[in-house]
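The next block holds one structure in the form of structure tokens; read it before the comments.
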């Protein structure tokens, strides 16, 4: 597996959106690219939009790199 994510994507990403099939596809696509789930998903209810909003952190697996 490459040491960095493709297409200049960040190593850490927080995917958020309406909890629906489109959100699940976005998470699935990230997993197919090689990302791994990081922690549990979180959900909240958006009163103004009257829908559940989900969030899932994902990370690119590999050796952490030092930053200076």
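Every read-out reported here was derived from the displayed coordinates using simple, explicitly stated rules and does not represent laboratory data. Bear in mind that the values here come from a model prediction, so they are computed numbers and not experimental data. Every residue, glycine as well, gets a Cβ built from its backbone with ideal geometry; the counts of neighbours run over all protein chains shown.
Contact annotation: residue pairs with Cβ atoms under 8 Å, 6 or more positions apart or on different chains, pairing a residue in the stretch 13-31 that is touching a residue at least 12 places away in the same chain (Cβ under 8 Å) and on the phi > 0 side of the Ramachandran plot with a partner that is part of a strand (DSSP E or B) and surrounded by 13 or more Cβ atoms within 10 Å (Cβ to Cβ), are 17/53; 17/54.
Residues in the stretch 32-45 that are surrounded by fewer than 13 Cβ atoms within 10 Å (Cβ to Cβ), without any contact (Cβ under 8 Å) to a residue 24 or more places away in the chain, in contact with a strand residue (DSSP E or B) (Cβ under 9 Å, 6 or more places away or on another chain) and on the phi < 0 side of the Ramachandran plot: 40, 42, 44, 45.
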